[in-house]
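Undergrad: Quick one: the structure is below, and I'll ask about it shortly.
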Amino acid sequence: MALLDIQNLTVKFATQDGEVSAVSDVSLHVNKGECLGIVGESGSGKSQTFMAAMGLLAGNGKASGSVRFGDTELLTANERTLNTIRGNKLAMVFQDPMTSLTPHMRVGRQLTEVLQRHRGLDNAAARAAAIAMLARVQVPEPERRFQMYPHELSGGLRQRVVLAMGLLCGPELVIADEPTTALDVTVQALVLELIRELKDTQGTSFVLITHDLGVVAGLADRVAVMYAGRIVESGTVDEIFAAPKHPYTKGLLACTPRLDDPPTVLLETIPGQPPNLQNLPTGCSFHPRCVSAFEPCPVKRPLLVPAGNTLNACFLNHMQAAS
């Protein structure tokens, strides 16, 4: 059984200008000890999918469908049930560390509070465990940083503190939203190695929400590509990176620089802009930007169905798979 199982998840937001469909009919799962990469441009629904799963949508948001963590249905769970799971068995590392940390509380207090609430540790034990985790995520002088307020730390250090907070209780699943964005390349490599170690030695599952396809290629077992609130392609990392089938996936990979490219190679770009979620195009949402669009694309939406060894939402690939 999947550790996290999302079925037909739809997320909508009520705004003054009308309803916004941020996530539409998304289904995916994460197995124990697995790393799932979620990729796509900004506004594709990556973060909102998992904010809904955690019960952390904004007040004007509403989610429908099913999100099961083990035997617990999260979408209908009450706040008390969610609070016993969040931060303990299921943790999320947020994209913006400045808004994830309480500005008027010292870093140490925010870390020890997690351990005292979920693990019942006393002050001394919680302090020791928190400082050890700060050291583990490469925070220099962890005892001194423990006493600081968030505004006294650089963006990279705040990101590492948030990562430490997510890992403190040894959760079964960590949802990491752009976990390496604010880190320099050296620290980024160390943090990614820590994630790999936790996955391989402790069986911790991870969801990596990221724009960095290199991170996904190096860490993830499977990848789901999202566009305009829907999954358009999913499969193993090897399958997606070696032989992408959806035109959007091909576009993302084509505009990613490679170390083995000669210096004269020009990166390709995906034409146009992501669609307005309040006014999505008819048919396939990607068709206005797609160089392979043909007759059915503007009028009919392709379903996410098997195409070879991957799941794919593209009429062109459906025809090739049927032939």
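Quick note: the coordinates plus some simple rules give every number you see, no bench work behind them. What you see is a predicted model, and the numbers here were worked out from it, not measured in a lab. Heads up, the Cβs are rebuilt from the backbone with ideal geometry, glycines too, and the neighbour counts pull from every protein chain shown.
Undergrad: What list of ³J(HN,Hα) couplings, whole Hz, do you get for region 243-248 from phi and the Karplus terms 6.51, -1.76, 1.60, once you set θ to phi - 60° and write x for glycine and proline?
TA: Karplus-based 3J(HN,Hα) across region 243-248 equals 9, x, 10, 6, x, 5 Hz.
Undergrad: Could you work out how much longer the chain between THR102 and VAL305 gets when fully extended? Use 0.36 nm per residue separation minus the Cα distance between them, nm to one decimal.
TA: Values: separation 203, 0.36 × 203 = 73.08 nm, distance 4.36 nm.
Working it through step by step, the gained length comes to 68.7 nm.
Undergrad: Once amide H atoms are placed 1.01 Å from N in the peptide plane, what residues at a sequence separation of 5 or more from VAL93, or on another chain, have their amide H within under 5 Å of its amide H?
TA: ILE175, ALA176, ASP177
Undergrad: Under the 0.36 nm per residue contour assumption, what length would be gained going from the current alpha-carbon distance of ALA254 and GLU79 to full extension?
TA: 58.6 nm
Undergrad: Here is a follow-up. Net charge within 12 Å of GLY272 by Cβ-Cβ distance, Lys/Arg positive one each and Asp/Glu negative one each, not counting GLY272 itself?
TA: The answer is 0.
Undergrad: What is the distance in Å between the Cα centres of region 131-158 and region 20-99?
TA: So the separation of the two Cα centres works out to 27 Å.
Undergrad: Okay, next question. Taking Cα pairs under 8 Å and at least six residues apart, what relative contact order does region 98-170 come out at, in percent?
TA: 44
Undergrad: So, one more: So what are the ³J(HN,Hα) numbers for region 111-121, from phi and the Karplus equation (6.51, -1.76, 1.60; θ = phi - 60°), rounded to whole Hz, Gly and Pro as x?
TA: Calculated HN-Hα couplings, in order: 6, 5, 4, 4, 5, 5, 6, 9, 10, x, 6 Hz.
Undergrad: A follow-up question, please. Give the residue list of trypsin sites (Lys or Arg not before Pro) in region 187-266 that are DSSP loop and have at most 16 other beta-carbon atoms within 10 angstrom. List each step's numbers first, then the result.
TA: Working: sites: ARG196, LYS199, ARG222, ARG230, LYS245, LYS250, ARG258; in loops: LYS245, ARG258.
Counting only loop positions with at most 16 other Cβ atoms within 10 Å, the trypsin sites (Lys or Arg not before Pro) in region 187-266 are ARG258.
Undergrad: Here is a further query. Please build a GNM for the chain, connecting alpha carbons under 10 Å apart, and tell me which residue among LEU115, LEU198, LEU267 fluctuates the most.
TA: Comparing LEU115, LEU198, LEU267 in a Gaussian network model of the chain, the most mobile one is LEU267.
Undergrad: While we're on this one: Mean projection of the alpha-carbon convex hull of region 98-170 over all orientations, in nm²?
TA: For the Cα atoms of region 98-170, the hull's average projected area reads 4.2 nm².
Undergrad: Follow-up question, since we're still on this one. What value, in deg cm²/dmol to 500, does the helix sum -39500 (n - 2.57) over DSSP H runs of n ≥ 4 give at 222 nm once divided by the residues of the chain?
TA: Using -39500 (n - 2.57) per qualifying helix, the result is -10000 deg cm²/dmol.
Undergrad: Could I ask something else about it? How about region 250-318: which chymotrypsin sites (Phe, Trp or Tyr not before Pro) there lie in a loop by DSSP and see at most 16 other Cβ atoms within 10 Å?
TA: Here the sparse-neighbourhood loop sites are PHE294.
Undergrad: Take the alpha carbon gyration tensor of region 208-260, find the square roots of its eigenvalues, order them as a ≥ b ≥ c, and report rounded if a/c is under 1.5; if not, report prolate when a/b exceeds b/c, else oblate. Walk me through the numbers before you get to the answer.
TA: Values: a/c = 1.40, a/b = 1.22, b/c = 1.14.
Because its axes are fairly even, with a/c under 1.5, region 208-260 counts as rounded.
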